[in-house]
Structure formats: structure tokens, C-alpha cells
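Quick notes on the structure that follows.
Read-outs throughout are calculated quantities, based only on the coordinates presented, and are distinct from any laboratory measurement. Everything numeric in this text was worked out from a predicted model, so none of it was measured. Cβ atoms come from the backbone with ideal geometry, glycine included; neighbour counts cover every protein chain shown.
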4 protein chains.
Amino acid sequence: MSDNAELNVPEIGVGMLGYAFMGRAHSNALRSLPFAISPPPAIPRLVAVSGRDEVALKSMARRYGYERTYTDWRDLVADEDVQLLDNGGPNNLHAAPSIAAAEAGKHVFCEKPLARTAGEAHAMLEAVEKAGVKHGVAFNYRFVPAVRLARDLIRQGRLGRIYHFRAMYLQDWLMPHYNTPRLWRMDREQAGTGAIGDLAAHIVDLGRFLVGEIRGVSAMTRTFIDERPLPDGSGTGKVDVDDAFVAAIEFENGAIGSLEGTRLAAGRKNYELFEINGEKGSLRFNLERLNELQLYLVEEGQSETEGFRTIMVTESIHPWLKHWWPPGHIIGWEHTFIHELAHFLDCIANNRPVAPDGATFLDGYRAALVCDAIVESAQSRRQIELAYEDAGLQPTTQPR
Amino acid sequence: MSDNAELNVPEIGVGMLGYAFMGRAHSNALRSLPFAISPPPAIPRLVAVSGRDEVALKSMARRYGYERTYTDWRDLVADEDVQLLDNGGPNNLHAAPSIAAAEAGKHVFCEKPLARTAGEAHAMLEAVEKAGVKHGVAFNYRFVPAVRLARDLIRQGRLGRIYHFRAMYLQDWLMPHYNTPRLWRMDREQAGTGAIGDLAAHIVDLGRFLVGEIRGVSAMTRTFIDERPLPDGSGTGKVDVDDAFVAAIEFENGAIGSLEGTRLAAGRKNYELFEINGEKGSLRFNLERLNELQLYLVEEGQSETEGFRTIMVTESIHPWLKHWWPPGHIIGWEHTFIHELAHFLDCIANNRPVAPDGATFLDGYRAALVCDAIVESAQSRRQIELAYEDAGLQPTTQPR
Amino acid sequence: MSDNAELNVPEIGVGMLGYAFMGRAHSNALRSLPFAISPPPAIPRLVAVSGRDEVALKSMARRYGYERTYTDWRDLVADEDVQLLDNGGPNNLHAAPSIAAAEAGKHVFCEKPLARTAGEAHAMLEAVEKAGVKHGVAFNYRFVPAVRLARDLIRQGRLGRIYHFRAMYLQDWLMPHYNTPRLWRMDREQAGTGAIGDLAAHIVDLGRFLVGEIRGVSAMTRTFIDERPLPDGSGTGKVDVDDAFVAAIEFENGAIGSLEGTRLAAGRKNYELFEINGEKGSLRFNLERLNELQLYLVEEGQSETEGFRTIMVTESIHPWLKHWWPPGHIIGWEHTFIHELAHFLDCIANNRPVAPDGATFLDGYRAALVCDAIVESAQSRRQIELAYEDAGLQPTTQPR
Amino acid sequence: MSDNAELNVPEIGVGMLGYAFMGRAHSNALRSLPFAISPPPAIPRLVAVSGRDEVALKSMARRYGYERTYTDWRDLVADEDVQLLDNGGPNNLHAAPSIAAAEAGKHVFCEKPLARTAGEAHAMLEAVEKAGVKHGVAFNYRFVPAVRLARDLIRQGRLGRIYHFRAMYLQDWLMPHYNTPRLWRMDREQAGTGAIGDLAAHIVDLGRFLVGEIRGVSAMTRTFIDERPLPDGSGTGKVDVDDAFVAAIEFENGAIGSLEGTRLAAGRKNYELFEINGEKGSLRFNLERLNELQLYLVEEGQSETEGFRTIMVTESIHPWLKHWWPPGHIIGWEHTFIHELAHFLDCIANNRPVAPDGATFLDGYRAALVCDAIVESAQSRRQIELAYEDAGLQPTTQPR
């Protein structure tokens, strides 16, 4: 892994927490990054991976080249070679290890949602800020080239004032015919919420990244299937998180919109879609076709040719594409993590700010405030108003 | 116009109120229906058209073959040859003429929204029910073949239990660069509401037609541009209706969803879209591609070929298509009115019930209740619960 | 039908030959035109319809309002009230009635393909030219708004030099599972060819309309199912025309491209698609979504937003749309005939030239030359070069 | 790179020829494969890379971890650690190094087109067959999951008899406004042909892979821009290869179709599309949306729901997807090389046959025969008939 030695790029020791879906996605990115990004900002050294299942850990280490394994995350955090904790564990393991790592002076990159509640997220934010380490939340869709292009176009004023943001994130893996067991993602103690933390968090972050802060939330939630077989076959377990939510939202800048997420939309696999309407144009994005961005621009005096254009975001002038292939040779979902981790390593290696291109724990906390508001609005049947008092770092809604 | 005499189909005298967009769309349908639908259920006789502008009336009469014109709708209602009042006037002219016509024993077909408020709609409903005449509301999208197919598939249980209904109706004709004047549609006195009555009414009706009654509404509204040039050039006028709304909704049957409408979605022309997710499949429809219906069906044991299918709803076995052209030869927006008016004339001629295929004043009233709830929720920042007390015919929310 | 009397638009007596698909489509347009097109260029008087089946004729007359019926087309041509012969009969009835009508001084509008062979078409062309009557061929896709827009954009030079034209016309009504009988369209004596005359004729005309004359053709054809049940149940009949063809073509201006047509493309209903690539942009059209045109324009210095745009060709500034509905309210296939017949009536009433906006018998003849070349190339397995000697009006390929 | 030691998978020494686009794509795959494919069939050891430019070689070696570099491919072939020559060089460097490697007993994986002419390809085929080494041609689109699914569905008889195969491969990188220099790809001596070898070779292979052998070809070609700036700025150079081609084709099994390719289709970036129509259904694929496959199936007795379905080919039951991410999390273009090289390494490690899943030099040779036929047909203006005499391994068309 020392191929880039001559480039004089630093090596950064990474400790990975988790070996499931997200552990794999992050590890894949860390392994790909040194030859994919040219030159790489730093070379990740895959020091160790931690988790509970020793067999799975060994397999993970062998596959991705981790030097050692730990069955207790405290050992991972204590490992002197670990400079960066990459926290890909379940939601209930986000706070304690991240805080411990920060206190040990390590940088922290944490999966989303940052925490189960805004209160928990806030404690994490305080810890990393106090420790002065770099912190990031894996809102990886900021690192889709088409999404970055959307952000840049909006920043350039190409859409003018924004009127609307509507986003949905639809999946179907909890449909009855799959008979999906009650994983940790369906248990409030471990997950905090269901579709809200998993799906709303992503589209809330996109709304904040692209449009601005969300000020008001009116929401409804549902748990359509409230009992599921336990993974170990020992019977059934209660599902005490939401399967789905829908929310009307308003932004600080006056725009209104909607957020919607579900794991019960038959045929929708990873259908994250947003549309933004502004006074000079509109934008539309669909994660299942992540190499494309739809753009409508109001054009002076030639309206006979106006229409939504489908931009193939694969030109070398598009964000990150110079690292990849010729136009039309598409990239995939995993590339978002390569971009994101390259950015985070660059922030560490060259002491650059993670925000606003990447998401920090502050972003994770603010997204959590909106997620909390969805829960609270659904319970109280009233609109929740959000106020961001970041100076004092006080959460404005109470953790459940 | 007596071509169908040999068929022994009755002639029904129609009095048209209005000569603008909707007056034209209805008249076009009434003129096309006798040769388009074979055999026609009745032959509309275009007795008279009423409105305020005599020049426009004459032009309208000449174009569509109305026998006479009236500048006072009372004369239209009083005309003995008029058996059916087709009310295509502005919203503030829906109640009085429709009620008067019913009292005069005439059938009434009224544009949507049925009225400016649920209270007004309720009075209309009482009048037609009392008079025992046939009554219909021009929720013409029930008469899109793809929508009817969707309804039939749902009724057959092809989607199983419904989890979600999301609908949006996006247009852009109020975008700043068009400098659209303050028409009656932007004046509360004449229109009642803006996008709500115009756009929400349609998608509320589709939700009711396809899924069931709506029980809860949490909404936000906006008026982004609150002053516009007056049509007569005499200065500017206040816009006191909404430009846009967004609502989270829940249905009696437990489904949740969203409603969204705006006249400020750049590039969206007549983009009415709904998606329904059920336990056995999903449906998606887009009015700008009204000859197509997207359907996903959960299939036993062959999931490698599962996907959303795009049905060209142009086969002769599809609703109404036997009257039209071979497969793939698409029909247009105006055809929905031909289907709808053929249905309504059939109900008159053969004393058939307008509902549930067509919408009655009861449907118009219930849609108005939801529209009122959107307004009320946006004002009160709380969720509005709807209870339909049809026995007593009492509106459950108060007209504004 | 005299509603437009005050407009002082002339009445033109129409004699219709045929009562099947095309007879219906033309009649529908003639009946719609007076109120759809405002003001109409002329009012068609539906004098008579001719055909062989008296019952069908009576039904046709009743439905569309024809004053009388004839079972011999000679009587139709002889009818003094008939000023225009609208020939919607099968291909073998195109030549004789059209020539007779021209000789009787009547204008002629004929369905496509103009004739079974270029030789036959040439005789028709000579007859109408000699008679000095207006002549048109129902290449109705020239009258799709999106196609007209495409033509206008190309004419304005928006695409620059044209490199490629590729077109396909795919249907599936001869698929085995439909068990379609051997209609006249599958009999060489009556139809001339199969998919070639039916489908190639249309896309050849579009190629000529949009790009220019075709100079070279290399083709293959197939008859996949060569025996079919006779319509009268009396056994089976031989299919002696092509089910499908494919051709490489070159244009006079140097562009190359392809033509492809079949009646055996499962799932393709009326899928007529073309794409044109030029030095400054590309165009794409699909008849099943006829209200849309896809356009790509090479743009100076802003390539990050380049992409194919989907134009909703429904704005009032788009061709013919001022006669129809607001943006996004789509029109259908039948509207192409309304536009085309309005144009043809205008040419008669105001002595305007049918070409280049509409297709004349010269266009019908030239399309027939290309169709003949497809047949000849497939038989001879060599490229056929076309030379248009219009001065002498000699067909350059021999009729089969 | 020895992470998989415990798995007892063999290490295979790879020598890479070329460091441009294809050298990078193959190297990226070889580096990703050990952790992406679990378990990997073998671990590629990146022994050496050869090419002419020493600086570029060093950069390439550093980026991807090659142990050494050679400026003469003969040294690469002679390197004892090299067991597999991966030939990613320009077309004129396909034959000699591949033949030398085979003669040295090394396995050979070669970029497409296999050679500049069928004659050259044939010599390569003879060499590898004689040497008894494994040989493969990088027709990587066989390794798109959607394409493999298409192949499997056809094999299962889901489409029945095939009537049509139409394919196009459209790009725009030679458009005038890019002012692309005369690279080796535009020089006949180095490239053999232009769009034919580059683009036709791919779609010919797909036609062969999915439908069967091609028997007849009628084609046209064009060089629209025949002079371009030389890369070194020393003036302009002649383009003596084709920019574009179009061909009508027929298959041994009776199907007919079309092949079309160009580098001058404005807005088309890597638009490789095919559609197959059979007696029981149709398939459609577009490389720019490579995670999707469109499928239409004729269904008994429920035709009201028939339509083209868009399969998200991202389920774990789909080809290769178990190695990747959850449904809807798309993969990219580069993944085709990971699949293909994993397959080829597996064939080496476990002595499995490369065909029919992968393409061998026999496939490369047969594709070259069709490419030659395109050239010859365009020159001779007649249809070329192909006969595959594989026993004697005699090319049936003469190399140019």
C-alpha cells in the first residue's frame, strides 16, 4: 500500500467500527481511493476493524486488508496507530465510541444518522468541538457529482430564489413478501427511529445543503408492520420505529416543500429523488440514475426550445469526473464514498475545513433536530418550529 | 346535428355558462361526442351560452354552434330548451346558477372546484339533492383511461392494502418572467383559493377516487408574488390567494401521503403526478403522458424480471379506447371531457347514477372539505381532522 | 354545419372513399376542424362516402353526417357536390379513383402510401399535375407540432450540417399470439408491400421532410409468418408482402442513416422514432409521446449544463397550439389530421401551394421510389442508387 | 496484497501493456478485484507495465502498484513473473505482443478490437490455440449484469424465436467544436478502422452473444472530418478511417437488424443501445443506464397490464450483484472489467473455459470478420455474405 510513497502524501491510520453494509462500503472506498484519486490526498492505512463477531471480523480483515481486529471498540479507540475512527456501526454505537475517540484526540468520521436523537448528537458535537479534531458525517450524497453540480448551480444563482424543495426516499425492503426479520434497524433502542433516521436524515441533509435551514415541520408517521421474526429465529419481536413518514416543511428562506420516506414502496429500491423549483429554473435528481441531473432554465426569448435537459454528469469538467472515465462511462453508488473519504482525508492531511462541502457533526446535529421534529409533529399533530441556537449549542427540541 | 336520429338516442338541450378555457373545453367535447362515441348515449343540443362579453359570446356561439347567447345567466337557466346547465364559469359563479338551475329542475354539471368553500359547496349539494336532478363535478381526470385502469386494478385488489398515495400538481404559469396579470383566479372573492381550489381539488379527488377518504391534513401554503398587474392595465392588484401548498395527509384506511401543488414550478406545465404503493404493487401516473400507466407488481418466484412496467393504455380493451384508434395512437387531454360528458349524458338519458365512476356534488363537497382543511391547517399550524357527516350534510370545517 | 357562415369561409364538398380506420380518422378530422381551428380556412361539407359494404356505409354516414353513400366510387367521383376526393381506401384503390377525380377536375387528398409502386404513383402524379388540381398525400406526421418544430429548427440552421438520420417504425400487431388474419394489408395485389408501404413510407417522408432526398438504399426484408387465416374463415391465405425491413441509407447531402420497420416488435405499438445528429445539435422524436421533442444543442462555453432537453411542444407559440389548450394539456394522434386537412382546405380555398409544409403527389411518388428501392435492394443484395428525374417524371426504378 | 493468503487462492502475475484509458481501466479492475469479489478466484500480482513514455509509466506504476516498468513490450513478455499478458495497447500493438506472449506460454487478455483486420486476428487466434493458453478479448459489455440477464432470459427461451436485433453505439467526441486532434484512433495504420473497430466491434459481439452469428452485411460508412490537428501541434494529419457506419444485417437464424455507430452524434456520450424483438417478448438496454434492463413479455390473458418493464438489475439474485450493494445502489462502467477479469482469472486458476460467458480470440476473430464486411460492403456497394470456416480457420473476407 506504499505505492504513493514518492508522492510524499501522508499515511493516516484508520480504525473501522463495523463490518456490515456500511463497514464494507467505507472499507471499499478506503482501499480504492489510493489508486482511484490521483494524486490521493493521503493514504489510508487500514489499522484495525472492530465488532462483536470474531469470524466476521477475520473475514472482513482478510478481505480489505485490516492489520488487526478488536471485539471491543474501546481497544480500537485506544490503538495508537489509529488516527481516524471511521464509525460504521449501528446507531446506538455512534455516540460513545465517537466521543471516546475525540477525547483521545482522534478524528472521527461517523455514519448517518449521527445519533438516535438530537440530544445525543449534540453531545457528540460538543465532544469533537472541544477536542478540536476533524469530524464528519457520512452524508455521502453530497458527493454525488450531480448533486455537487446542483449545489454549484444554485450557488451561482442559476435558479434564482428558491420556491420549492420536494424530496422522497423510497425503498421496499420491508414489504411483507420479503418477510424481513426485525434487524437492529427496526428496534428503537438501537436505531432511534426507522425510516426517519435512515432516509429522512439523507434528504434533510440534501435540503439543507441545497436550499437552507428548515424552520417548520408538519409530519405523519406510520408503522404498518409492527411485529417481525427475530433474526435468530427465537420468535417475533416488536417493531417500535416508523416504517414511513411524510412531512410538509418550510425553510428559513421562505421556500416550502415535502419530505417523504418509506421502506414499503413496492418496486422502489433506492429511489431518492429531489426536485427544486426556483424563479429561474428547476433541478431534479434521482439516485438510481445518479449520473444524470435534470435541469430546466428559463431562457430569454427562445422559449420554443425550453425543456428539462438531462445532463450526463460525466464530463471531465464535472465534479470529481477527472478522476474517472470518459463521458458517458458512468460511475456507481460506491464512488460517493471514495469522493467523501478523499475529501475528509484531505481535510485531515491539509487541515482544511470539512464544511461546507462535506457534512460535519454540526450538520449531523441539525439534521437530527429535523428528524426529532418529524417524530414530535407526528405525535403532537401540530407544526414544530425549529430554532437553531448554535452559539449555545442547545438543542431546541428535546430528545425522546 | 341530427345525424344520429335513426339511432333513437335522445337529444338533451345544454346551456353553457362561460366561454373561456373551460367553456371551450366542454363545448369541444359536446361537439365531438356525437361522432366520437359510437353510439352516443345522447345528442347534446347546444342551446345557448351565457357570459358577460357579448362579442366573445357571439364568437363562441359561431364557433361551436350555440343557437343563442345570454349576457345574464338567469336567462340561460330560464330557457325552456335548456335541460342541462353546464357551468364552466369562474368559481364565484358556481353556486348561484347551479342552485337556480337545480331549482328549475335542470341537471347540473359544474366545473371544479365545486365552490369557493365547503360551506358553499354544501349548499349546492343540498339544492341538487332536493331537486332530484343529476349532478356532476368536472373532475375529468377520473376519465383518463390510465386513471380508470388504475382504479380498476386497485378495486380488483391487485395492489392489496394501500400504504401510500403521493400526488403533486405542478404548473409554472405564474412564474415572474411571464408577468401574468391578476386574473380572477388570483382573487379570493372570485376564486376562493389559488392553487388549492385549482390544483389540490383535482388530486384530492384522485386520492378519494383511488384510495379512499382523507381523514387528516397538515399543510403549509405560500403566496410568493402578492401583487400583479391588473388585466385592464389600470395598475396592480393584490393577490390574496395561495400560489402553492404542500400537505401531509392520512386516509381513513391508514395510508399516509402527500399533496403538493404550485403554479411556480419552472418547466412543469401540467405535471399532475401520483404514485400509489400497496402491499402487492405500485402505480404511477403522469398527466403529461396520460396514455401511459406505470405498474409494478410483486411477482411470486420470478423476481429477476420484476420492474415498473409502462403500460401504453391504448389497447381496445382499455377503458374507452374502443371508441378511438389502434394501439399506440394516443389520445389527448380534451378526450377526458368527451368521456366524462358522454358518461353524464348517459346518466341523464338512462337514469343511471353518476357516482362512483363520475364525481357528484357530494364528491365536490368532500374535496372542498379537504381544501378548506389545507387552508385551516396552514393558518393554525396544526393537523386538521376531517369527519364526514353526510347524513346531516353538515360541513365539518367552517367556510372562511 | 353552417355555424361559420358569418365568417364568410367557403364550404368545400368532400367525397370520402373508405370507411375503415383511415376513413374514420379523416372524417373525425373533417367534423372537428370547423370548431377546433379558429377560424377555419373552409368548412368541409361531408357530401358522400363510398365503399362496398352498404351497412358499414350507412353507419359511417350516420356517425359522421355524410349526406349520401355510394357503393361504387365512380358515383362518388361523379357527384357534382364533391369538390375534393378524400381517398382513404386500400392501396389498390388509390390510383384509379384519384386519377378519375383529377380528370373530373376535383382536388385529391390520398392516404399513404400513394400507390403500390412508384410506377403507379407516377401515373397519379401526372394526372393531378395535368388536371391542375390540388393534390396531397396523408403524410400526417408532418403535422405533428413537434415534427414541425423540428423542421423549423433544422431550417433555421440550429443543427448545422446534418450527419445522421435514423428512424424506426415498430408495431406488433402481427405477432403470432394475436393470430391476426390475412387482411388486405398482407396481400401484395391489394397492398403492394407490407411494412414497407405502411411504415417505411412514413419515415422516408420524414427523412425527406427533415433532411433531404435519399440517394442510396441497402436493404433487407423478411416475411416471418407467411400464412394466415383468411378473414372470412374460409381457410388460410398466403402472405406475400414483407413483415419487416431494415435499410442503410444515404442522403444527397452526405448524411447516412437507417430505416427500420416491423409489425413484429413485441410491445411496440406505434413506436415511430427518429433521431437526427448534426454538427450543432441533435433531435429526437417518438410518436407515442408526440407532444415532446428532444433537443440537444451544442452550447458555447457552458458545457457543464449541456444535455438533451425534453421540450413539451404545447406552448401557444408552438405550431398549431394556439388552437388548442394551455401548456402541458396534450393533444393526440388524431389532431395531426385536423392540422393536415385544415392546411389542405386552406390550400384549396386560398389557392396556396400544398408543399413544402404538406406532402403532394410528388412527395408520394418520391417516397414510393425509395420504397421500391428497399424491395429491389433486398432482392438483388446490392445498394440501389436513386436519381430523381422529375423533369421527365420518369421513375428510376421499375415497378414490380 | 497478500490479504487473501489464508484463502489459498493463487496469485497470478500480470504484465500490462499500455497506460492510457484501457490500461487504467484494466489496472483499476485488477486492483479492486481482490476486495470487491469475495472470495476472489485469484489474486493478481501487478508485476510490470510497459509503454513508450517513461514518465507516464512511472506514474502508472506508482498509482496502481506495478512493481516495475518496461519501455519495450518484449521485456514485459520475457519477464518470468508475468503469467498473463493484459494487452491494453493501441490496435497495432495487439497482434505481435499477444502472439509473442502466447508463444512464451503466457495467457493473453487483449483489448478489443482484437486486431486491425480479420486476417491479423486470425493469426492471433492460431497462435493462442497452438500455445494452449487461455485467451480473452475485452468485450466487457458481456459482463454488465443487465446484459448477462438478457442473455440468460434469451437462453431460457423467454423471448422465443428472435426476429430483430438493432444496436447502435453513439458518441460525440469527434464533433467539430471539440477540435479533437488526430489521435492514433484516427489513423488506419495504427487503428485499422475508426468507429467500426471501436464501436461496431462491441455491438457485433453483443449481437453474436445474444442472438447468434451474423451472415449478411450491407453497410455504408463516412468520414465527415478528414483532417485534424496533430497531437504534437506540428500541423494537421489525414483521417483515413471512418467516423461513422451504418449496416443492415441478417443473422444465421433468420433475424434481421441494424448496426450503427458514430463519433458525431451530438449529445450522445457513450450511448450503446440495443433492442431485441422475439416472438414472446422484447428486450432493450442502454449502456448509459447500465443498471437497468427493459423487458416486455407477452402474457397470456392479462394484456391490460402488458408493458415494457424497467428492471433495476441490482438485486442480489442478479448476475454478480451479490458482490456489491443492496438493491438500487447502482454500479458503474468500471465494474464490467472487475467481473470480466475475475472471470478470466478464474478460468486460468481453475482451468475453466473462457467461452461462452467470456469472449475468446475466436470471438474476436469473428467480430473482425463482420467489421471487415462492413468495410467491404461500403466499398463495393453490395451485401457481403459471411461464412465461418472455423475448422480451417480461414478468414472468409480478405484483410485490407
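A compact table of results
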quantity: Eligible lysines near B:LYS238 by straight Cα distance, threshold 24 Å, same-chain separation 8 or greater; calculated: A:LYS280, B:LYS112
quantity: Per-residue HN-Hα couplings for the stretch C:280-291 [Karplus 6.51, -1.76, 1.60; θ = phi - 60°; Hz; x = Gly/Pro]; calculated: 10, x, 9, 10, 9, 9, 9, 4, 6, 10, 6, 8
quantity: Overall dimensions of the stretch C:142-331 as given by Cα atoms, namely Rg and Dmax in Å; calculated: 19.1, 69
quantity: Surrounding net charge for D:ARG263, when Lys and Arg each add one and Asp and Glu each subtract one, Cβ distance under 14 Å; calculated: -2
quantity: ³J(HN,Hα), Karplus 6.51/-1.76/1.60, whole Hz, each residue of the stretch C:260-276, x for Gly, Pro; calculated: 8, x, 7, 10, 10, 9, 3, x, 8, 8, 8, 8, 9, 10, 9, 9, 10
quantity: Inter-copy separations for D:ALA56, label at 7 Å along Cα-Cβ, nm, ascending; calculated: 4.6, 6.9, 7.1
quantity: Per-pair calculated FRET efficiency, R0 = 60 Å: D:ILE317 and C:GLU252 via Cβ, rounded to 0.05; calculated: 0.70
quantity: Rounded Å value of the spacing that divides the Cα centres of the stretch C:170-242 and the stretch B:58-75; calculated: 50
quantity: Cleavage-rule hits, GluC sites (Glu not before Pro), the stretch D:138-243, DSSP coil, Cβ neighbours within 10 Å at most 14; calculated: none
quantity: FRET efficiency, A:PHE21 to A:ASP240 (Cβ-Cβ, R0 22 Å, nearest 0.05); calculated: 0.50
quantity: Shortest-first distances to equivalent copies, position B:GLY157, nm, label 7 Å out along Cβ; calculated: 3.3, 6.1, 6.7
quantity: Candidate aspartates and glutamates for bridging to A:LYS322, where Cα separation is under 15 Å - those fewer than 8 sequence places away on the same chain excluded; calculated: C:GLU304, D:GLU334
quantity: Whole-Hz ³J(HN,Hα) from phi, Karplus 6.51 cos²θ - 1.76 cosθ + 1.60, for the stretch C:240-251, glycine and proline x; calculated: 10, 10, 6, 8, 7, 8, 9, 9, 8, 9, 10, 9
quantity: Value of relative contact order over chain D, rounded to a whole percent, pairs C-alpha under 8 Å and six or more apart; calculated: 19
quantity: Chain A: most fluctuating residue of A:LEU341, A:LEU295, A:LEU85 per GNM, C-alpha cutoff 10 Å; calculated: A:LEU295
quantity: Given charges at beta-carbon only (K, R positive; D, E negative), |dipole| of the protein assembly as shown in Debye; calculated: 0
quantity: Separation of alpha-carbon centers, the stretch B:269-328 and the stretch A:319-387, rounded to whole Å; calculated: 35
quantity: Theoretical ellipticity at 222 nm over the protein assembly as shown - DSSP helices of four or more residues, -39500 (n - 2.57) apiece, nearest 500; calculated: -9000 deg cm²/dmol
quantity: Spherically averaged projected area in nm², based on the convex hull that wraps the Cα atoms of the protein assembly as shown; calculated: 56.5
quantity: Simple label model, 7 Å out from Cα along Cβ direction - C:GLU376 to B:ARG52, nm; calculated: 6.9
quantity: C:SER27, A:SER303, D:SER316 arranged by Cβ crowding within 10 Å, fewest neighbours leading; calculated: D:SER316, A:SER303, C:SER27
quantity: Diffusion constant of chain D at 37 °C, which comes from Stokes-Einstein with the Kirkwood Cα-pair radius and 0.692 mPa s, µm²/s; calculated: 151
quantity: Interchain or long-range residues, amide H under 5 Å from C:GLY13's placed H; calculated: C:ARG45, C:GLN83, C:LEU84
quantity: Cut-off under 5 Å, modelled amide H: who pairs with B:GLY307 long-range; calculated: B:LEU297
quantity: Rotational relation A to D, axis-closest Cβ in chain A, residue and distance rounded to whole Å; calculated: A:GLY332, 2
quantity: Simple spin-label estimate for A:ASN179 and C:ALA104 in nanometres, 7 Å along Cα-Cβ; calculated: 7.6
quantity: Per-residue mean of C-beta atoms belonging to partner chains within 10 Å, peptide A:30-36; calculated: 5
quantity: Most mobile of C:ALA96, C:ALA244, C:ALA266 in a GNM of chain C (Cα contacts under 10 Å); calculated: C:ALA266
quantity: Per-copy distances of the B:GLY235 label point, shortest first, in nm (7 angstrom along Cα→Cβ); calculated: 7.6, 7.8, 8.9
quantity: Gaussian network model of chain B, springs between alpha carbon atoms under 10 Å - residue of B:GLY105, B:GLY307, B:GLY89 with greatest fluctuation; calculated: B:GLY307
quantity: Sparse-neighbour loop sites [trypsin sites (Lys or Arg not before Pro); the stretch A:61-167; at most 15 other C-beta within 10 Å; DSSP]; calculated: A:ARG161
quantity: Nearby lysines by direct alpha-carbon distance to C:LYS106 (threshold 19 angstrom, same-chain neighbours under 8 apart not counted); calculated: C:LYS130, C:LYS134
